[in-house]
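The values are calculated or read from the model by the stated rules, or taken from the named source; none is laboratory data. Keep in mind that what you see is a predicted model, and the values were worked out from it rather than measured. Cβ: placed from backbone, ideal geometry, glycine included. Neighbour counts: every protein chain shown. Remember, those area values only see protein heavy atoms, side chains included, never the ligands or the DNA or RNA. Shrake-Rupley method; radii C 1.70, N 1.55, O 1.52, S 1.80 Å.
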Amino acid sequence: MLDKHEREINYLRLSITGRCNLDCIYCKRESGKSPDLTMEEIGRLVQALAALGVNKIRLTGGEPLMRKDVVEIVRVCAAAPGIIDLAMTTNAILMHKYAAALKEAGLNRVNISLNTLIPETFKQMCRYGRLDEVLAGLKAAEEAGFPVKINVVLMRGINDAEIGDFIRMAKERPVEVRFIEYMPMGRRYDKSKMIATEEVLRLFPELLPLENENKSSVARLYRGEGYKGLVGFISPVSHAFCHLCNRLRVTHDAKLRMCLGDDGETDLRPALAGSDEELKNFFAQALAAKPKQGFCSDFETRRGMGNIGG
């Protein structure tokens, strides 16, 4: 699928639940009464989008592992003709229960949200859960054979003193640690807490840029001498990558969202009530609403990250 700006759209970010077992301060998730997408609805929309050219899916939440049917959802998505890459973003607290089954069902990769290595800071940032639960989930994912990326949302005055510790993790372990700029999501965004990528790079000049083999990836990759892993930077605020955007989003409450940094949404449920052909036509026509720019035009969203799915 091509949008009106000639960008190829082949990547679906699919939120499968609004529930979460954490309450992270940057997520600003608001509780709602809208039901999550059903298994049937997920299967139909994945089939329709795969037929239109989507070949990559990332399952998000809330926390996707909160759904008891998460393994079957993975199986349905992986089985859709044309899907070549199926990933999940998770806080990993429940990963010890599901890792092996998810791998068997067809999940290819996991990104684990781990914003601090200090238990007290974990409580401050996540408000529920424990750091050791996340670390156990990380271990379970690695033991199941998943390639793992660590997502770190940097926030000034909260976890910025740990940047060196995370970089050391990438030096000593074969993981990709990804620093993500704190984004203007929701009504309580505090711009003063945003740390631009260049600030980190100035502090760690030993990090040398690499060419990212995945040309559609928004991560800029770096590596220091002798590093076993990689350091990535996702910089939607300071280094806009709207021109690279290849994705669309479906929220857990069945809203089609064409841009993370734009509040435009369309209710999917009327289209899901129609035929498969009508559903495909709906998606194809909806591409006309995909904006050229999001965060790079100084936009702030009304929905928090946790209600969109990242």
Odd one out for THR60 among (1) surrounded by fewer than 19 Cβ atoms within 10 Å (Cβ to Cβ); (2) under 30 Å from GLY157 (Cα atoms): (1)
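Would you say TYR182 is open to solvent by less than 80 Å² (accessible area, probe 1.4 Å) and more than 20 Å from ILE25 (Cβ to Cβ)? Lay out the reasoning, then the answer.
Values: open to solvent by less than 80 Å² (accessible area, probe 1.4 Å): yes; more than 20 Å from ILE25 (Cβ to Cβ): no.
No; evaluated as a whole, the condition is false for this residue.
A quick yes/no check of all residues on (1) within 21 Å of ALA100 (Cα to Cα); (2) in contact with a strand residue (DSSP E or B) (Cβ under 8 Å, 6 or more places away or on another chain):
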| residue | (1), (2) |
| --- | --- |
| ALA136 | yes, no |
| VAL152 | no, yes |
| GLY157 | no, no |
| ALA161 | no, no |
| ASP165 | no, no |
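In region 245-267, what residues are acidic (Asp, Glu) and either in a loop (DSSP other than H, G, I, E, B) or touching a residue at least 60 places away in the same chain (Cβ under 8 Å) (or both)?
ASP253, ASP262, ASP263
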Pick from region 268-290, criterion assigned to a loop (DSSP other than H, G, I, E, B) and at pLDDT 85 or above, ranking: least open to solvent (accessible area, probe 1.4 Å): LEU268
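Working only within region 191-244, note down all residues that are of a type in the set (A, V, I, L, M), in a loop (DSSP other than H, G, I, E, B) and within 13 Å of LEU154 (Cα to Cα). Steps first, please.
Initially, region 191-244 is screened for residues of a type in the set (A, V, I, L, M), giving 194-196, 200-201, 203, 207-208, 210, 218-219, 221, 230-231, 234, 237, 240, 244.
Narrowing the set further to residues that are in a loop (DSSP other than H, G, I, E, B) leaves 194-196, 207, 210, 218-219, 237, 240.
Those that are of a type in the set (A, V, I, L, M), in a loop (DSSP other than H, G, I, E, B) and within 13 Å of LEU154 (Cα to Cα): MET194, ILE195, ALA196, VAL237.
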Any hit, region 106-116, residues being of a type outside the set (Val, Ile, Thr), more than 16 Å from the chain's Cα centre (by Cα) and within 30 Å of GLY157 (Cα to Cα): no
Extreme residue, modelled with the lowest pLDDT, among residues of region 228-252 that are under 22 Å from PHE166 (Cβ atoms) and open to solvent by less than 30 Å² (accessible area, probe 1.4 Å): PRO236
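Within region 131-143, does at least one residue satisfy the condition of being modelled with pLDDT under 95 and outside any strand (DSSP E or B)? Steps first, answer last, please.
Of the residues in region 131-143, the ones modelled with pLDDT under 95 are none.
Looking through region 131-143, none of the residues is modelled with pLDDT under 95 and outside any strand (DSSP E or B).
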Within region 88-133, considering residues that are among the basic types (Lys, Arg) and either under 23 Å from GLU181 (Cα atoms) or in contact with a Phe, Trp or Tyr (Cβ under 6 Å, 6 or more places away or on another chain) (or both), the one least open to solvent (accessible area, probe 1.4 Å): ARG109
Some residue of region 158-168 being part of a loop (DSSP other than H, G, I, E, B), over 21 Å from GLY226 (Cβ atoms) and either touching a helix residue (DSSP H, G or I) at 6+ places or on another chain (Cβ under 7 Å) or of a type in the set (Ser, Thr, Tyr) (or both): yes
